Amino acid sequence: QVQLVESGGGLVQAGGSLRLSCAASGSIFSIKAMGWYRQAPGKQRELVAIITSGGSTNYADSVKGRFTISRDNAKKTVYLQMSSLQAEDTADYYCNVALRRTQWSGVDVYWGQGTQVTVSS
């Protein structure tokens, strides 16, 4: 059993900052990529940022220079530091983790329950 627990969402004024966290727990052998997606009302879920086990990162063009993804492997946690937030960043944010549950298993993908971010203009 693997669980992803997200925290850090909330209401913030435009130009403000928020930090999201997502902690993985349970039967985990190794974690590969960790990422954040978001889904605004009436829109499809989209990739926000991703970080590999080696620390390489990739960002959506819309958040480059404003958001920073990082991970703490010891804590099995991924973070998303969001700055200069805009009304367009309003969405439900979901963490996504690719991991192996045992050394013999393949890579499975898990999703967090989502945390709401609302940016008021």
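The values are calculated or read from the model by the stated rules, or taken from the named source; none is laboratory data. Fair warning: this is a prediction, and the values are worked out from it, not measured in the lab. Cβ coordinates were reconstructed from backbone atoms using ideal geometry, including for glycine residues, and neighbour counts include every protein chain displayed. Surface accessibility is based on the protein's heavy atoms, side chains included, excluding ligands, DNA and RNA. Shrake-Rupley method; radii C 1.70, N 1.55, O 1.52, S 1.80 Å.
Taking θ as phi - 60° and the Karplus parameters 6.51, -1.76 and 1.60, the scalar couplings of the range 68-84 work out to 9, 9, 8, 9, 10, 5, 5, 8, 6, 10, 10, 10, 9, 8, 10, 10, 6 Hz in sequence order, x denoting glycine and proline. Selection among Ala49, Ser84, Gln1 by position relative to the dipole of the chain gives Gln1 as farthest towards the positive end (Cβ unit charges, Cα centre). Sort the chain into rounded, prolate or oblate with this rule: let a ≥ b ≥ c be the square roots of the eigenvalues of the Cα gyration tensor; rounded if a/c is under 1.5, and if a/c is not under 1.5, prolate when a/b is larger than b/c, oblate otherwise. It is prolate, given that a/c is not under 1.5 and a/b is the larger ratio. Rolling a 1.4 angstrom probe over the chain with all protein chains present gives an accessible area of which 46% lies on carbon and sulfur atoms.
Put Thr90, Thr77, Thr57 in order of accessible area, highest first, and with a 1.4 Å probe you get Thr57, Thr90, Thr77.
When nucleic acids and ligands are ignored and a 1.4 Å probe is applied, Leu18 ends up with an accessible area of around 30 Å².
Rounded to the nearest whole Hz, the Karplus-based 3J(HN,Hα) values (6.51 cos²θ - 1.76 cosθ + 1.60, θ = phi - 60°) of the range 97-105 follow the sequence 10, 9, 8, 10, 7, 9, 5, 9, 8, with x at glycine and proline. Among Val48, Val2, Val109, the sequence by solvent-accessible area, most first, with a 1.4 Å probe is Val109, Val2, Val48. Here the dipole of the chain is about 320 debye; that uses its Cα centre as origin and unit charges on the Cβ of Lys and Arg (positive) and Asp and Glu (negative). In the context of the full set of protein chains, the range 1-118 has a per residue accessible area of 53 Å² (1.4 Å probe).
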